[in-house]
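Inspection log for the structure reproduced underneath, given as structure tokens.
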Amino acid sequence: MTNEKEMLILVDSKDNAIGTATRKECHAGNGKLHRAFGIFLFNSKNQLFIQKRSENKKLWPGHWDISVASHVRPDETYETAAKRRLKEELGVEVSDLKKECAFKYFAKHKDGKGSENEMCAILSCRFDGKINPNTYEISESKFADLDELKESIKGDVEKFTPWLKIALNKFNK
């Protein structure tokens, strides 16, 4: 269940922490710029693990998404937050995470239920073990070839989260 009272880190356009606000405050209306991250989890075949967001998600339910996407809490770094969410969402523990890129983006949800206004870091890792998706968070999951995924997005952009599309364009693999 989403904790609307979870505290998130507010940042300026250069990713300097400038305060905190609740998850609810960060996503209401046009939102407040806050720190977030996405993880590209690859297997040894260089396929990307993607997930379909469950209908329990407030923003972009039922959309295909990056391996893991979440927020950094005030007591965390990007890396510690990423490791926490890998365990919570996928039941996966990794030791090596690599920061690939970062970008600022804004996306208003089409049904008017809120928006994303985030400074988003993209981290990557490799993992070939068993993945146990949290079914409250994730309704479907699979490994996808990057080129095929990019073609799928071109063919039906509405099935994917906005940050997945941006992250794929920024990611250089």
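The values are calculated or read from the model by the stated rules, or taken from the named source; none is laboratory data. Keep in mind it's a predicted model, so treat the numbers as computed, not measured. Glycine also receives a Cβ, built like all others from the backbone with ideal geometry; neighbour counts cover every protein chain displayed.
Looking only at residues in the stretch 128-173 that are under 16 Å from the mean Cα position of the chain (by Cα) and assigned to a loop (DSSP other than H, G, I, E, B), the one that is farthest from LYS98 (Cα to Cα) is TYR136. Considered as a group, the residues in the stretch 148-171 that are surrounded by 13 or more Cβ atoms within 10 Å (Cβ to Cβ) and polar (S, T, N, Q) include one that is nearest to LYS104 (Cα to Cα), and that residue is THR161.
Considering only the stretch 102-116, I want to know if a residue exists there that is in contact (Cβ under 8 Å) with a residue 24 or more places away in the chain and touching a Leu at 6+ places or on another chain (Cβ under 6 Å). Yes: one or more hits.
Scanning the stretch 117-157 for residues that are among the β-branched types (Val, Ile, Thr) and either closer than 29 Å to ALA21 by Cβ or touching a residue at least 24 places away in the same chain (Cβ under 8 Å) (or both) returns ILE122, ILE131, THR135, ILE138. Taking the stretch 76-127 as the range and being within 18 Å of LYS58 (Cα to Cα) and assigned to a loop (DSSP other than H, G, I, E, B) as the test, the residues that pass are HIS109, LYS110, ASP111, GLY112, LYS113, GLY114. Out of (1) within 20 Å of ILE131 (Cα to Cα); (2) in a helix (DSSP H, G or I); (3) touching a strand residue (DSSP E or B) at 6+ places or on another chain (Cβ under 8 Å), what's the single condition that is false for CYS26? Going through the list (1) within 20 Å of ILE131 (Cα to Cα); (2) in a helix (DSSP H, G or I); (3) touching a strand residue (DSSP E or B) at 6+ places or on another chain (Cβ under 8 Å), CYS26 breaks only (1).
For (1) surrounded by fewer than 20 Cβ atoms within 10 Å (Cβ to Cβ); (2) closer than 25 Å to VAL94 by Cβ, each residue gets a yes or a no:
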position	(1), (2)
ASN3	yes, yes
LYS14	yes, no
ASN30	yes, no
GLY38	no, yes
PHE42	yes, yes
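Would you check if ASP75 is out of contact with any Cys (no Cβ under 6 Å at 6 or more places or on another chain), within 29 Å of LYS5 (Cβ to Cβ) and free of Cβ contacts under 8 Å to residues at least 24 places away in the same chain? Here the answer is yes, as ASP75 does meet what is asked. Could you tell me which residue of the stretch 133-147 is nearest to LYS83 (Cα to Cα), considering only residues that are among the polar types (S, T, N, Q) and surrounded by 13 or more Cβ atoms within 10 Å (Cβ to Cβ)? Per the criteria, the residue is ASN134.
The conditions of being more than 22 Å from GLU4 (Cα to Cα), modelled with pLDDT of 95 or more, assigned to a loop (DSSP other than H, G, I, E, B) and out of contact with any Lys or Arg (no Cβ under 6 Å at 6 or more places or on another chain) are met by SER44.
The condition of being within 17 Å of ASP65 (Cα to Cα), modelled with pLDDT under 95, surrounded by 14 or more Cβ atoms within 10 Å (Cβ to Cβ) and not hydrophobic (A, V, I, L, M, F, W, C) does not hold for SER124. Does TRP60 satisfy being crowded, with 18+ Cβ neighbours inside 10 Å, closer than 16 Å to ALA144 by Cα and aromatic (Phe, Trp, Tyr)? It is false that TRP60 is crowded, with 18+ Cβ neighbours inside 10 Å, closer than 16 Å to ALA144 by Cα and aromatic (Phe, Trp, Tyr).
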